[in-house]
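Undergrad: I have a structure I would like to understand better, so I am pasting it below and will then ask my questions one at a time.
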Amino acid sequence: MAELKWKEAIIKVLEEEKKALHYTVIAELIAKKGYRKSLGATPQDTVSANMTTDINTNKEKSVFAKVDKGY
């Protein structure tokens, strides 16, 4: 399987789990499922940054919704 972009990997994890997850859990699942090989030094920060940027840029059109702090 080709490596997914961060956003694609985050969406895939959330679709599979069908519930809100903390960004640290999302990062762990991306690594465990092998959706990304190059995780970098702080994958949880990358997940958080990707989701936050998408929400701030796209507002209500974002594919992500913040339901709680870190979720």
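The values are calculated or read from the model by the stated rules, or taken from the named source; none is laboratory data. In this text, all values refer to a predicted model and were calculated from it rather than measured experimentally. Ligands, DNA and RNA are excluded from the accessible area calculation, which covers all protein heavy atoms including side chains. Shrake-Rupley method; radii C 1.70, N 1.55, O 1.52, S 1.80 Å.
Undergrad: Tell me, what is the per residue accessible area of the chain in Å², probe radius 1.4 Å? Let's see the in-between values first.
TA: Values: 4780 Å² over 71 residues.
For the chain, the solvent-accessible area averages 67 Å² per residue.
Undergrad: Report, in listed order, any pair from 12/69; 37/59; 33/59; 12/37; 18/59 with a Cα-Cα distance greater than 23 Å.
TA: Numbers: 12/69 21 Å; 37/59 30 Å; 33/59 29 Å; 12/37 15 Å; 18/59 21 Å.
37/59; 33/59, as the Cα separations exceed 23 Å there.
Undergrad: Further question: Express in nm, to one decimal, how much length is gained between residue 5 and residue 53 on full extension, taking 0.36 nm for each residue of separation and deducting their alpha carbon distance. Could the numbers behind the result be given before it?
TA: Numbers: separation 48, 0.36 × 48 = 17.28 nm, distance 1.46 nm.
Using 0.36 nm per residue and subtracting the Cα-Cα distance, I get 15.8 nm.
Undergrad: With θ taken as phi - 60° and the coefficients 6.51, -1.76 and 1.60, list the Karplus ³J(HN,Hα) couplings across the stretch 59-70 in order, rounded to whole Hz; mark glycine and proline as x.
TA: Coupling constants for the stretch 59-70: 6, 6, 8, 4, 6, 10, 9, 7, 10, 6, 4, x Hz.
Undergrad: For the chain, what log10 I(q)/I(0) values come out of the Debye formula at q = 0.13, 0.14, 0.27 1/Å, with one point per alpha carbon and no solvent?
TA: -0.32, -0.37, -1.38
Undergrad: Can you send over the carbon and sulfur percentage of the accessible area for the chain, probe radius 1.4 Å, protein chains only?
TA: Numbers: 2530 of 4780 Å².
C and S atoms contribute 53 percent here.
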